[in-house]
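Novice: I'd like to ask some things about the structure below.
What follows is calculated from the coordinates using simple rules that are stated; it is not laboratory data. Every value quoted in this text rests on a predicted model; they were computed, and no experiment measured them. No Cβ is skipped: glycine too gets one built from the backbone with ideal geometry, and neighbour counts run over all protein chains shown.
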Ligand SMILES: [Zn+2]
């Protein structure tokens, strides 16, 4: 059967230099893999003023439910210094049992394996008893504005609904079978600017140094902890990511000072309640810490980064059990169910259907010499194939 070999599929995809926002031929190559399997393939171009147009792909096999979606992206991060690679980043060379190339694990490898798994399942059991779709964006590694979010909306407006989704991002820290992601923390970023009065460093009584206010305000966000974690999530954590005064003079008290922060929060919070808690802490610290003992509370302003990432946790036991059972039956390992790591496009999909994530070992993602063991490609294909069978068996029973 064509495209039943994940290694060949991945080589084809890696040889398409699809650095965000370029399509690079990757979606065309995927379309060419899916058409012979019977998929109806649509290419959707998303646009946004001031941003590059992005090509996306939606493909569906079957017309009835239950409906399983596989989601991912064909875009990749830039290769960096190509001369530092031991193999060219878009050549897909195999050396020592490993396939080298940008996107090998994040996440053309996951797509290559899922295509192969579907092909093998069709060969062995015929067409699925329901529908399988691919929802693939070219805008995950970039701003993610013209990608999964718009593609989901577009497909929904055409009447598409899904019962479950598997995202093929690399989820395993060390070995294939380590970890399934069943949720993700939320993320909110912001910037606090503290205002003072500029003046001569030798005449502080005539000035108001905003740095004196900035320090307690920043500290108030780092301590005490926001929470102690939940059974499914680690404790929420805020990091001050930058402190900026931009004052080159040693004898000038600056007029303002600012700091930036990012918080990764668990399901104790929503984006709105965590923002409210941040403002509460800042107000409290500002009142407690006037710039000088005889002065008014520190004056500050907060600006929030656009589009927070919302926290989510998938509680669909049939979906999780199908995937976890497939991992265990192929690898012998019971995967950890985790909510760690950065955000992913699953944050958009969770509004449409239950979503879990499982893919390759993430160790070399975004690095020079990104690569994947050929054995892992075969194993992941078997896991995906077993998952597909089990998920449809479960869904048809219930
Ligand atoms: Zn990725």
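Novice: Counting alpha carbon pairs within less than 8 Å and at least 6 residues apart, what relative contact order, in whole percent, applies to the stretch 186-304?
Specialist: On the way: 237 pairs, mean separation 47.6, N = 119.
Once divided by the residue count of the stretch 186-304, the mean separation gives 40 percent.
Novice: Please report the spacing between the Cα centers of the stretch 276-331 and the stretch 1-56 in Å, no decimals.
Specialist: Their Cα centres are 35 Å away from one another.
Novice: Order by neighbour count: 369, 75, fewest other Cβ atoms within 10 Å first, most last. Display every interim value, and only then the final one.
Specialist: Values: 369 16, 75 28.
Going from sparsest to densest Cβ surroundings: 369, 75.
Novice: Using only Cα atoms, tell me the angle between helix 317-331 and the longest principal axis of the chain; keep it within 0 to 90° and round to the nearest 10.
Specialist: 70
Novice: Explain nothing, just the number: relative contact order of the chain, from Cα pairs under 8 Å at least 6 residues apart, as a whole percent. Intermediate values should be presented prior to the final figure.
Specialist: On the way: 904 pairs, mean separation 94.0, N = 398.
About 24 percent, as a whole number.
Novice: Here's something else I'd like to know. Quick one: order 269, 304, 391 by neighbouring beta-carbon count within 10 Å, fewest to most. Show your work: numbers first, answer last.
Specialist: Details: 269 20, 304 13, 391 25.
Exposure proxy ranking, most exposed first: 304, 269, 391.
Novice: Can you sort 397, 61, 135 from fewest to most other Cβ atoms within 10 Å of each residue's own Cβ? Write down the numbers at each step before the final one.
Specialist: Values: 397 7, 61 20, 135 27.
By the 10 Å Cβ count, ascending: 397, 61, 135.
Novice: Return the whole-Å distance between the Cα centroid of the stretch 332-398 and the Cα centroid of the stretch 174-250.
Specialist: Between the Cα centre of the stretch 332-398 and that of the stretch 174-250, the gap is 33 Å.
Novice: I've got another one for you. Given springs between every Cα pair under 10 Å in a Gaussian network model of the chain, which of 103, 229, 168 has the largest fluctuation?
Specialist: Fluctuation is largest for 229.
Novice: How long are the three semi-axes of the equivalent ellipsoid of the chain, in whole Å, if each is the root of 5 times an eigenvalue of the C-alpha gyration tensor, listed from largest down?
Specialist: Values: eigenvalues 423, 107, 72 Å².
Semi-axes (√(5λ), whole Å): 46, 23, 19.
Novice: What is the pair-distance distribution P(r) of the stretch 186-304, computed from all Cα-Cα distances in 5 Å bins starting at 0, with each bin given as a whole percent?
Specialist: 2, 12, 21, 21, 16, 11, 8, 5, 3, 1, 0
Novice: Provide, as a two-decimal number, the C-alpha radius of gyration of the stretch 50-118 over 2.2 N^0.38 Å, N being how many residues it has. Intermediate values should be presented prior to the final figure.
Specialist: Working: Rg = 15.8 Å, N = 69, 2.2 N^0.38 = 11.0 Å.
Scaled against compact globular proteins, the figure is 1.44.
Novice: So how tilted is helix 271-288 from the main axis of the chain? Cα-based, degrees 0 to 90, rounded to 10.
Specialist: That works out to roughly 20 degrees.
Novice: While we're here: Using only Cα atoms, find the angle between the long axis of helix 148-157 and the longest principal axis of the chain, and express it within 0 to 90 degrees, rounded to the nearest 10.
Specialist: In the chain, helix 148-157 runs at an angle near 60 degrees to the longest axis.
Novice: Now a separate question. Based solely on its DSSP helices, what 222 nm [θ] is calculated for the chain when runs of n ≥ 4 H residues each add -39,500 (n - 2.57) and the sum is averaged over all residues, nearest 500 deg cm²/dmol? Write down the numbers at each step before the final one.
Specialist: Details: 9 runs with 120 residues, N = 398.
Helix-only estimate at 222 nm: -9500 deg cm²/dmol.
Novice: Let me ask something additional. When the chain is modelled as a GNM with alpha-carbon springs shorter than 10 Å, which of 57, 337, 215 fluctuates the most?
Specialist: Checking each option, the largest mean-square fluctuation is seen for 215.
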